[in-house]
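To keep things clear, I will list the structure first and then write my remarks on it.
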Amino acid sequence: MKYKLVIFDLDGTLLDTLEDLADSTNYALRTCGMPERSIDEVCRFVGNGIHKLIERAVPEGTDTAEIEKVFSEFKSYYAVHCNDKTKAYDGILKLLYELRQNSVRLAVVSNKADFGVQTLCCQYFDGLLDFAVGEREGIRRKPAPDSVNEVLRVLGIDRKDAVYVGDSDVDIETARNAGMDCISVTWGFRSETFLKEHGADILVNHPADMLTLV
């Protein structure tokens with residue numbers, strides 16, 4: 001294999017989490033007396049962490065205290081309902097098994113809150129991942145390379161031997177900031193056209209296509 005390690009984004013790359021994110025966002029908005037958002041709007045809002053999702057979802061001009069109230073409602077609800085409708089994309093589990101069989105190490109780096117990352121990775125990929133990390137206090141979220149660098153340090157792998165896989169412009173920037181190769185997937189939350197406009201140079205349309213690149 002070309003790489004010793006593949007670092008995956010989670011939402012929109014390994015898991016289709018959009019409906020649960022939208023449901024939790026709308027629960028929080030509704031609870032706080034604010035208008036709800038369409039699933040397409042929520043899709044556009046994700047990618048920079050759940051706090052930024054809520055900042056984008058509330059009405060323009062909402063004050064900081066109200067944003068924090070909505071965010072608190074979101075976190076409480078999503079902690080319980082993060083796996084109601086979420087599912088792995090077709091072909092993902094087969095891809096991960098085949099990579100493991102070829103001695104490739106696997107990790108997840110996500111801007112999702114760490115409690116959600118750990119819950120979902122345990123549910124869907126138990127025993128398949130060497131490391132998984134989400135947004136944590138005191139650690140800069142993607143596109144900062146901090147969490148990617150932590151994975152490389154913990155697993156003892158040089159960045160030239162690793163590749164980052166994601167579905168968004170944030171992931172492209174993350175790989176660039178970490179000095180790593182990047183593979184962009186077209187089945188997630190951003191279109192192929194959008195990805196190309198934001199600098200994607202290696203794209204795959206199905207998980208199986210990744211095997212020839214990794």
Taking the condition assigned to a helix (DSSP H, G or I), in contact with a helix residue (DSSP H, G or I) (Cβ under 7 Å, 6 or more places away or on another chain), modelled with pLDDT of 95 or more and assigned by TED's automatic domain parsing to the domain that holds residue 96, does residue 193 pass? no
Checked pairs for segment 165-177, first outside any strand (DSSP E or B), second of a type in the set (A, V, I, L, M), C-beta under 7 Å and 6 or more apart or across chains, list as 167/185; 172/200; 174/148; 177/144
For segment 56-71, does any single residue satisfy the condition of being farther than 29 Å from residue 104 by Cβ, among the β-branched types (Val, Ile, Thr) and not in a helix (DSSP H, G or I)? yes
Under 6 Å by Cβ, and 6 or more places apart or on different chains, what pairs join a residue from segment 185-199 that is farther than 20 Å from residue 90 by Cβ with one that is at pLDDT 95 or above? 198/169; 198/172; 199/172
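To keep it simple, each residue is scored yes or no on (1) at pLDDT 95 or above; (2) assigned to a helix (DSSP H, G or I); (3) assigned by TED's automatic domain parsing to the domain that holds residue 169.
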| residue | (1), (2), (3) |
| --- | --- |
| 22 | yes, yes, no |
| 30 | yes, yes, no |
| 73 | yes, yes, no |
| 77 | yes, yes, no |
| 95 | yes, yes, yes |
| 100 | yes, yes, yes |
| 109 | yes, no, yes |
| 115 | no, yes, yes |
Given (1) assigned to a loop (DSSP other than H, G, I, E, B); (2) within 17 Å of the chain's Cα centre (by Cα); (3) at pLDDT 95 or above; (4) surrounded by fewer than 20 Cβ atoms within 10 Å (Cβ to Cβ), identify the lone condition not met by residue 48. (3)
Please work out which one of (1) out of contact with any strand residue (DSSP E or B) (no Cβ under 8 Å at 6 or more places or on another chain); (2) within 25 Å of residue 125 (Cβ to Cβ) is the condition residue 86 fails and give its number. (1)
Restricting attention to segment 130-143, does a residue exist that is at pLDDT 95 or above, under 22 Å from residue 196 (Cα atoms) and of a type outside the set (D, E, K, R)? yes
Could we say that residue 21 is touching a strand residue (DSSP E or B) at 6+ places or on another chain (Cβ under 8 Å) and aliphatic (A, V, I, L, M) here? yes
Hits in segment 178-202 (condition: in contact with a Ser or Thr (Cβ under 7 Å, 6 or more places away or on another chain) and over 19 Å from residue 10 (Cβ atoms)): 192, 202
Can you run down the residue pairs with Cβ atoms below 6 Å, 6 or more apart or on separate chains, where the first is in segment 9-30 and touching a residue at least 12 places away in the same chain (Cβ under 8 Å) and the partner is assigned to a helix (DSSP H, G or I) and among the aromatic types (Phe, Trp, Tyr)? 24/74; 24/77; 24/78; 27/77; 28/74
Is segment 118-132 home to any residue that is surrounded by fewer than 18 Cβ atoms within 10 Å (Cβ to Cβ), in contact with a strand residue (DSSP E or B) (Cβ under 9 Å, 6 or more places away or on another chain), in the same structural domain as residue 171 (by TED's automatic domain parsing) and part of a helix (DSSP H, G or I)? yes
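The values are calculated or read from the model by the stated rules, or taken from the named source; none is laboratory data. Everything numeric in this text was worked out from a predicted model, so none of it was measured. In this analysis, Cβ positions are derived from the backbone assuming ideal geometry, glycine residues included, and neighbour counts consider all displayed protein chains.
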